[in-house]
4 protein chains.
Amino acid sequence: MIEIPKKSKAVVITAYNKPYEITEFPVPDVEPNAILVKVEMAGVCGTDVYQWQGKLGLRPQLPVIPGHEAIGRIVKIGEGRTADSAGAPLSVGDRIMWSHVACGKCFSCAINNQPTLCEKRFSYGLSYSGAYPHLTGGFAEYEYVTPQTDVIRISGELSNEEVIGVCCAFRTAVAAFERLGGLGIQSNVVIQGSGPVGLYSTLLSVEGGAGQTVVIGAPKLRLDLAKKWGAKNVINIEEMPDPAERKKAVLELTDGRGPDVVVEASGFTAAFREGLDIIRRGGRYLIIGQSSMEAEQSIIPGMIMLKHLEIIGNASGTIRHFYKAIQFIKNKRDRYSFADIVTNKYRLDQVNEAVQAMMSGKEIKPVVVP
Amino acid sequence: MIEIPKKSKAVVITAYNKPYEITEFPVPDVEPNAILVKVEMAGVCGTDVYQWQGKLGLRPQLPVIPGHEAIGRIVKIGEGRTADSAGAPLSVGDRIMWSHVACGKCFSCAINNQPTLCEKRFSYGLSYSGAYPHLTGGFAEYEYVTPQTDVIRISGELSNEEVIGVCCAFRTAVAAFERLGGLGIQSNVVIQGSGPVGLYSTLLSVEGGAGQTVVIGAPKLRLDLAKKWGAKNVINIEEMPDPAERKKAVLELTDGRGPDVVVEASGFTAAFREGLDIIRRGGRYLIIGQSSMEAEQSIIPGMIMLKHLEIIGNASGTIRHFYKAIQFIKNKRDRYSFADIVTNKYRLDQVNEAVQAMMSGKEIKPVVVP
Amino acid sequence: MIEIPKKSKAVVITAYNKPYEITEFPVPDVEPNAILVKVEMAGVCGTDVYQWQGKLGLRPQLPVIPGHEAIGRIVKIGEGRTADSAGAPLSVGDRIMWSHVACGKCFSCAINNQPTLCEKRFSYGLSYSGAYPHLTGGFAEYEYVTPQTDVIRISGELSNEEVIGVCCAFRTAVAAFERLGGLGIQSNVVIQGSGPVGLYSTLLSVEGGAGQTVVIGAPKLRLDLAKKWGAKNVINIEEMPDPAERKKAVLELTDGRGPDVVVEASGFTAAFREGLDIIRRGGRYLIIGQSSMEAEQSIIPGMIMLKHLEIIGNASGTIRHFYKAIQFIKNKRDRYSFADIVTNKYRLDQVNEAVQAMMSGKEIKPVVVP
Amino acid sequence: MIEIPKKSKAVVITAYNKPYEITEFPVPDVEPNAILVKVEMAGVCGTDVYQWQGKLGLRPQLPVIPGHEAIGRIVKIGEGRTADSAGAPLSVGDRIMWSHVACGKCFSCAINNQPTLCEKRFSYGLSYSGAYPHLTGGFAEYEYVTPQTDVIRISGELSNEEVIGVCCAFRTAVAAFERLGGLGIQSNVVIQGSGPVGLYSTLLSVEGGAGQTVVIGAPKLRLDLAKKWGAKNVINIEEMPDPAERKKAVLELTDGRGPDVVVEASGFTAAFREGLDIIRRGGRYLIIGQSSMEAEQSIIPGMIMLKHLEIIGNASGTIRHFYKAIQFIKNKRDRYSFADIVTNKYRLDQVNEAVQAMMSGKEIKPVVVP
């Protein structure tokens, strides 16, 4: 029997643009079907930076315990929850990860079958922590997984470092590639961006039947991992800051016609303009990195029609994409060093540093180990 | 035996932004598989205006005989051409229409199976007429259909007025809707634009399984035809010039969620921004009207991702789309007054007037009857 | 305040192949999110015949209250249930219909996103009624809608007769056509079968952009409705019992090439062989009527490859398909007489007659009005 | 300047089921756009066995020069043919391969965009050789590539052994997988059959994003190559002749649910029944191996509906599939030993032996080197 404390330390946002604080919250009772976990690792994401700056569209009442990418070990499991979403049995001591919660009952969920657009979505790390069950963020000792939450058990052979990226970037990339519906056999693919979303997109491209995969990004640290993970060529935007020069380089790498598929995973609005320009006529463009509802960008809409393009936006993913990402890692871990995504580990009391490191772009994925 | 003159009158562009002239060209010999037709009717298109202004990307050596939408009656048929592309037998006296010519051999045609992107496309009405076979435009007494050209025979019960729109706007809309791959059962659709492309899109929406079809456009003349052709509601941009007000109106007509599918057929770059704004989260956006490779528009790229959109551009169509458009007319002519698209007829020597009328937007489709 | 009795009369199966009996069950307490309805109408389906004969794969412990197609008027509504699955507010006095219940948590639901294949599906009219909440079948005075059940409110202008078919045949056809992904513009469609599934498929074809829709079936009563609902031609298998002759007739109606799309909605295994034979090379085949896991049929598998076919099977549907079917009726009721599907009404004590009538094939859809 | 003889030796079929003979044909004049090649290698295919036995649907007038999979070196090139279908320049001395010829003008080609179903398809190795240009089969010293034929140049670094399979099995598998539209991320795939089509399907599965790829086939020689080419597991039907046992084995390898995708590439009609049985509910089934229009098989059609399956048949491929197969080899030749498909080489005068070897199933792909 695992001893569960009455209180759990947790990082909180009490005001935007102020240092995170550490405080204590009561450890909640576990309802039927709910799960209490001890957090083993929580990833730091670009979104954490925006959240901290108060720039996210989603701005709940404070305080909020941040951290939406977490792996936890089950310390208590509510009655009725006996298996994960893929049917694997669950018990105390198992490691799990879990998705944000779609209600299953709104128009987006029930009628449009688009649960990532759920009108009542509950998001871990992005919700008010001032009331029961409080512990809904990953930068904490304990986290509470609600009865409605879909979870995936992590099998023993996989390390936390290998799978932490599944909690956000990898499952998003999986969902996006699923929505694309197949790259086309031996398509040439350009990935814009070399952060976690860009890197997992690289893997999905390389192992999804692409011919050439080219990654445009920076800094070298990330591009080196892109190459290790199968990118045939990389273009360092620090070394090649001129989009016209990059276009020339891309054309040279794609038989002069431009890539069949472009994946926008950089987060820069200007990248969208560049993508429309480099993609071949008749190509497809997957948009995963554009997360601002405010940033404007001038483009030439005629390109979409005259180049006969298809553009697909994807936001987030569901438990099925977690599952597939985990399967990917299981099936390919003899070929790829998945743990390389984690470039640094921080304690709870170092979260301010961790988020600063993320902001600086010098790390790939820093993680918090409470 | 039909008597064929040695010379054919034809409208020509000899300089941009100058009045069209009428001149005579030699009637060419008919090669094997080629066809010589007497033009019965030639449609005037928005593209003709751009061409006349010298604003098209495609700017061949002058002189050019304009007119890319024509119906002709066969006066001579080259050896070897015995049937149309759907297998209907062809002989002198039959009426036909025909598509631009894809080479079938370039990378776009042979490898990408995207013949409207053919690198060596031959376009009627948009090609140099100074050399054999000269008569490659529809604003002329006779027109020459090359050996490689795909043609469709028009069966006797269909009037020229009913089918003239197939030559450009209707086949384009058919190709675009085919690329969309089905509207979804009882989807709500908003069509931006009420010119010929918008009107045929309205028909394809209404008869393609849409729930509500709403058309945004002007002037009233066109919107009246949209309603006659099945649009449940129309929004007149002359009466409602404020995009915010239009958005409100669209939301009211679509259960507060916005349309499942938007079709951009207006040609205004600002319409693209408006479309991104009104479409429901998770919706699809078909771009048929954006034909400028120069016009810029500021948008919010994040909308594509965060609203989880799919955007599909389509340019032009092939003979299969002509065939399907003709089938549509055959199968639905007891329900719709297809001939209403033709609002005026002009003689060859009135082409300047016809194109002015098109430019003014007061007509839907003026036609030239040589 | 509506008065709710302590007991509800209900039809039960106590042994297969024996007459249905009428007995009384306690009216259950209403849990949070559950709903108690007074049944207004319950459709009789081909499945009821199989169930009565004990031929269904699903054979729960007896007694079972049959009836899986019901419309009920809310008499009591559990706490927390305030809206239907499309967001319409729910209150006592509203009419509703509801789907079978997918668990949302099994591999089929959560990972494969195929809820009609739910491993723990709860099916109304096909479940054990010997324990709480007992009233899970439609051939009863009252029926209990469980907390997990997705429901759709029926708006006031729609009669029960118009929408009763949505509960089973229509939502199945909608789900199947959705899975097909669009008929293709002006495709020629052959529907095999003229029962409710065939008739709703006819509507979906006619209003989904088909060119010609041909229905093969019997008896004349049903084929007459098929024509009233838009079928261009019908083939009566009683008058044309020879498949070779029917093939000839179909080819004549489809330009000699065969239909682009065939929909199997007849339930006869031999129809599958016939469908493979009549479909054009390169065509698509939708299978909705083959509901036996035992009936064998000899076919030529090579046809699937050499004719380059696509075959899509679909079983059942979810609440989204109910919603779309209802939207279809709302949007098209000025054109089609949806209520014509109901050919007869029976009281609870006439269910034996009603099911016999269904078995005989002389009715289209008999209904029970308790 | 390459010297071209007046006569070319060629293998011919003069009567079915009789030994092939060797005879001489005149080397034809080369028309504009045509190409004369010296055959470097010609593959022996399962179809050659059926052709020799007179069992093919296609039974042209005899004599026929067999051999539909050939690589030739250009010895003469007709005026106007300057590049291959992907735009690579062509000249005397280059090695090429080429596809069967679709007319581009029939209903299948022009209207349905399904050129492998061309009503006037010209097939190399399967056409009458008694008249000009005679040399239309690969089992000959020289072969004539007609003006309408699409060709692909083979770049210098690729050996004939590496690419010979592209001419038939590989391009067919590419076309089939393209039609499937993506395997789905980390899907489990079962390939039925371990001949060339099965082996290339294995590669397309392994490199197309599959999770587990399981090959069912025989003999060991072929299964060993399947494993070398990435199959995680193989099931030898010689060691496990009972379908029920194989089903059990497949279920064990696919988490008890059965494969997400099954590819039928065995050619046995009974394999279709087995595939329907082992595939998971909701799965997809690709049919590439069923090439008889006569062989009957009893199945349970209800499985297609109740298991909610999608079945896709594919016959042959076009030049785009040749191109993609070649790209696959170029991009993956550092990982796979493509040349291993060729298990033996025969001279022209050994063709009887080569076809016997193919029939016996002991070889994977024997080739003829004239």
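Bear in mind that the values in this text are calculations on the coordinates, not laboratory data. Because the structure is a prediction, the values reported are computed rather than measured. Note: ideal-geometry Cβ built from the backbone for every residue, glycine included; neighbour counts use all protein chains shown.
Counted over chain C, the DSSP beta bridges are approximately 55% antiparallel. For A:Lys365, the aspartates and glutamates whose Cα comes closer than 17 Å to its Cα, not counting residues fewer than 8 places off in the same chain, are A:Glu40, A:Asp48, A:Glu69, A:Glu161, A:Glu162, A:Asp224, A:Asp340, A:Glu353.
A viscosity of 1.567 mPa s and a temperature of 4 °C, combined with the Kirkwood radius over Cα pairs in Stokes-Einstein, give a translational diffusion coefficient for the range A:82-147 of 96 µm²/s.
Just to verify a number: FRET efficiency for D:Ala249 and A:Glu31, C-beta to C-beta distance, R0 = 41 Å, to 0.05? It would help to have the intermediate numbers written out before the result.
Working: r = 42 Å, r/R0 = 1.04.
So the FRET efficiency works out to roughly 0.45.
Each copy carries A:Ala131; placing its label point 7 Å along the C-beta direction from Cα gives inter-copy distances of 3.6, 8.0, 8.8 nm, listed from smallest up. Couplings 3J(HN,Hα) for the range C:34-48, derived from phi with the Karplus relation 6.51 cos²θ - 1.76 cosθ + 1.60 (θ = phi - 60°), are 8, 9, 10, 10, 8, 5, 9, 7, 9, x, 9, 10, x, 4, 4 Hz, where x marks Gly and Pro. Please determine, in degrees from 0 to 90 and to the nearest 10, the orientation of helix B:319-332 with respect to the longest principal axis defined by the Cα atoms of chain B, where the helix direction is its Cα long axis. The helix B:319-332 is inclined about 70 degrees to chain B.
Dipole magnitude for the protein assembly as shown: about 0 debye, using +1 per Lys or Arg Cβ and -1 per Asp or Glu Cβ, origin at the Cα centre.
Using the Cα centre as the reference, give the magnitude of the dipole from point charges on the C-beta atoms of chain C (Lys, Arg: +1; Asp, Glu: -1; all else neutral), rounded to the nearest 20 debye.
On the way: 41 positive and 39 negative charges, 95 e Å.
Here chain C has a charge dipole of around 460 debye.
Helical content alone sets the calculated 222 nm signal of chain C at -7500 deg cm²/dmol, taking -39,500 (n - 2.57) per DSSP H segment of four or more residues and averaging over every residue. Straight Cα distances below 12 angstrom link D:Lys324 to the aspartates and glutamates D:Glu178, with same-chain residues fewer than 8 positions distant left out. Against the main long axis of the alpha-carbon atoms of chain D, helix D:243-253 sits at an angle near 80°. Placing a label point 7 Å from Cα along the Cα-to-Cβ direction at A:Ser91 gives distances to the equivalent points in the other copies of 5.1, 7.5, 8.6 nm, listed shortest first.
Starting from the Kirkwood radius over alpha-carbon pairs of the protein assembly as shown, derive D by Stokes-Einstein at 37 °C in a medium of 0.692 mPa s and give it in µm² s⁻¹. Intermediate values should be presented prior to the final figure.
Details: Rh = 34.3 Å.
Using the Kirkwood radius from Cα pairs, D works out to 96 µm²/s.
Between the listed residues B:Gly193, B:Ala173, B:Phe107, the Cα displaced farthest toward the positive end of the dipole of the range B:81-221, a dipole computed from Cβ unit charges relative to the Cα centre, is found at B:Phe107. For the range A:94-235, the antiparallel share of DSSP beta bridges with both residues in that region comes to about 40%. Within 10 Å of the Cβ of each residue in D:252-259, the mean number of Cβ atoms contributed by other protein chains is 2.
In chain D, the beta-carbon sitting nearest the axis that superposes D on B belongs to the residue given here with its distance in angstrom, D:Gly104, 3. Exposed loop sites were defined as trypsin sites (Lys or Arg not before Pro) in DSSP loop states (anything but H, G, I, E or B) carrying at most 14 other C-beta atoms within 10 Å; in chain B the longest segment without such a site runs B:121-334.
Here the ratio of the Cα radius of gyration of the range A:263-370 to 2.2 N^0.38 Å is 1.39.
Are there any GluC sites (Glu not before Pro) in the range C:205-283 that are in a DSSP loop and have at most 12 other Cβ atoms within 10 Å? List them by number. Can you show the working numbers first?
On the way: sites: C:Glu207, C:Glu238, C:Glu239, C:Glu245, C:Glu252, C:Glu264, C:Glu274; in loops: C:Glu207, C:Glu238, C:Glu239.
Answer by residue number: C:Glu238, C:Glu239.
Rounding to the nearest 10 and keeping the result within 0 to 90°, find how far the Cα-based axis of helix B:351-360 lies from the longest principal axis of chain B. Approximately 10 degrees, to the nearest 10.
Relative contact order of the range C:13-70: what whole-number percent is it, with Cα pairs under 8 angstrom and at least 6 residues apart?
Over the range C:13-70, the number comes to 51 percent.
Shielding by partners for peptide C:264-274, expressed as the average number of C-beta atoms from other protein chains within 10 Å of each residue's C-beta, is 2. Please identify which residues in the range A:263-289 have an amide N closer than 20 Å to a label point set 7 Å out from the Cα of D:Ala83, following the Cα→Cβ vector. Counting backbone N atoms under 20 Å from the label point, the list is A:279-283.
Peptide B:74-85 is shielded by partner chain Cβ atoms: per residue, an average of 1 of them sit within 10 Å of its Cβ.
May I ask you to derive the relative contact order of the range D:208-302, considering only C-alpha pairs under 8 Å and at least 6 residues apart, and to give it as an integer percent? Please report the intermediate quantities before stating the final value.
Numbers: 113 pairs, mean separation 19.8, N = 95.
Relative contact order, the range D:208-302: 21 percent.
Only the Cβ atoms of Lys and Arg (+1) and of Asp and Glu (-1) were treated as charged; on that basis the dipole of the range D:1-160 about its Cα centre amounts to roughly 340 debye. Placing dummy labels 7 Å off each Cα toward the beta-carbon, the span from D:Arg333 to D:Glu119 is 4.2 nm. Each part gets one Cα centre, and for the range D:56-71 versus the range D:168-216 those centres are 28 Å apart.
Among D:Lys38/D:Lys105; C:Lys18/C:Lys76; A:Lys9/A:Lys228; B:Lys332/C:Lys220, which pairs are too far apart, with a Cα-Cα distance over 32 Å? It would help to have the intermediate numbers written out before the result.
Values: D:Lys38/D:Lys105 30 Å; C:Lys18/C:Lys76 34 Å; A:Lys9/A:Lys228 38 Å; B:Lys332/C:Lys220 26 Å.
Listed pairs above 32 Å: C:Lys18/C:Lys76; A:Lys9/A:Lys228.
Between B:Ile13, B:Ile185, B:Ile65, the Gaussian network model of chain B with springs among Cα atoms under 10 angstrom shows the greatest mean-square fluctuation at B:Ile185.
Of D:Ser129, D:Met303, D:Ile96, which is farthest on the positive side of the dipole of chain D, counting Cα position, with +1 on Lys and Arg Cβ, -1 on Asp and Glu Cβ, and the Cα centre as origin? Of the candidates, D:Met303 comes out farthest on the positive side.
So what's Rg/Rh here for chain B, counting alpha carbon atoms and using the Kirkwood radius for Rh?
Numbers: Rg = 20.5 Å, Rh = 21.1 Å.
Expressed as Rg/Rh, it is 0.97.
Tell me the GluC sites (Glu not before Pro) within the range A:1-80 that lie in a loop according to DSSP and have at most 13 other beta-carbon atoms within 10 Å.
Details: sites: A:Glu3, A:Glu21, A:Glu24, A:Glu40, A:Glu69, A:Glu79; in loops: A:Glu3, A:Glu69, A:Glu79.
Listed in order of number, the matching sites are A:Glu3, A:Glu79.
Straight-line reach from C:Lys55: which aspartates and glutamates have Cα under 16 Å away, leaving out those fewer than 8 places along the same chain? Cα-Cα hits under 16 Å: C:Glu294, C:Glu296. Here each label is just a point 7 Å from Cα along the line to Cβ, and for A:Ala295 and C:Lys9 those points are 6.9 nm apart. Distances, shortest first, from the label point of C:Lys227 to those at the same position in the other copies read 3.6, 6.7, 7.5 nm; the point lies 7 Å along Cα to C-beta.
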